[in-house]
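For reference, the structure discussed in these notes is given below.
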Amino acid sequence: LEALRSQVDPHFLFNSFNALVELIESEPGKAVEHVEQLSTFFRNILQVRDQERITVEEELRLLATYFALEQRRFGSSIALQVDVDAASRTRAIVPLTLQLLVENALKHNVVIGAAPFMIDIASEGDSLVVTNPIRPRATPARSTGFGLESITKRYAALTSRPIEVLDGERRFRVRIPLIDPQP
């Protein structure tokens, strides 16, 4: 579990620097704002990265900061809809699970077009479900292959309930089991 957690930081850093390079080249003013918000985001990551689990509410706050960074890049081409009930918000998940899933959705799909690329996060029973449309990129994104594999392995270390990946024709869904908060 410790080895997996230690891999999360380089993954974020790698992807964050790639995004920053794109902004520096295309919109230098936004790049400055991006660095400031990125600093806040990494400060927040440091507060949770060594924890085995955090509440869904805490995870949603981290995700909101991350998504604001991405909206700076993509504008109204992306949208996030969160429909998580109050009871689920007090349960726990592995830190940065939602962020990694949203990051992967944005990375592996075309996010420009007439309709925004909508990512949905909803509570369903004893799970959270993250859903996004499948809009394959013409050229695959550079990928370390780390995101989904990391989430799966970190959950396997904490619970017998597996992550479920439902890769359909038009929608990609990941079901994440909710776990009890640490005692």
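The values are calculated or read from the model by the stated rules, or taken from the named source; none is laboratory data. The structure presented is a predicted model; accordingly, all values stated were derived computationally and were not measured. Using ideal geometry, Cβ is built from the backbone for each residue, glycine included, and neighbour counts are taken over all protein chains shown. In case anyone asks, the SASA skips ligands and DNA or RNA and just uses the protein heavy atoms, side chains included. Shrake-Rupley method; radii C 1.70, N 1.55, O 1.52, S 1.80 Å.
Numbers for the structure displayed
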{"item": "Residue in the stretch 45-59 that is nearest to PHE17 (Cα to Cα), counting only those that are open to solvent by less than 20 Å² (accessible area, probe 1.4 Å) and part of a helix (DSSP H, G or I)", "result": "ILE45"}
{"item": "The one condition in (1) of a type in the set (Val, Ile, Thr); (2) surrounded by fewer than 14 Cβ atoms within 10 Å (Cβ to Cβ); (3) modelled with pLDDT under 90 that VAL111 fails to fulfil", "result": "(2)"}
{"item": "Criterion violated by VAL94 - all others in (1) at pLDDT 95 or above; (2) open to solvent by less than 10 Å² (accessible area, probe 1.4 Å); (3) under 13 Å from the mean Cα position of the chain (by Cα) satisfied", "result": "(1)"}
{"item": "Residue match in the stretch 4-11 (condition: out of contact with any strand residue (DSSP E or B) (no Cβ under 8 Å at 6 or more places or on another chain), of a type in the set (Ser, Thr, Tyr), open to solvent by 10 Å² or more (accessible area, probe 1.4 Å) and farther than 26 Å from ALA157 by Cβ)", "result": "no"}
{"item": "Candidates LEU62, LEU69, filtered to the one that is part of a helix (DSSP H, G or I), under 15 Å from the mean Cα position of the chain (by Cα) and touching a residue at least 40 places away in the same chain (Cβ under 8 Å)", "result": "LEU69"}
{"item": "Test for ILE163: is it open to solvent by less than 10 Å² (accessible area, probe 1.4 Å) and closer than 26 Å to GLU58 by Cβ", "result": "no"}
{"item": "Total residues in the stretch 65-81, condition within 30 Å of LEU158 (Cα to Cα) and open to solvent by 60 Å² or more (accessible area, probe 1.4 Å)", "result": "1"}
{"item": "Number of the condition not met by ARG89 [criteria: (1) surrounded by fewer than 20 Cβ atoms within 10 Å (Cβ to Cβ); (2) under 22 Å from PHE14 (Cα atoms)]", "result": "(2)"}
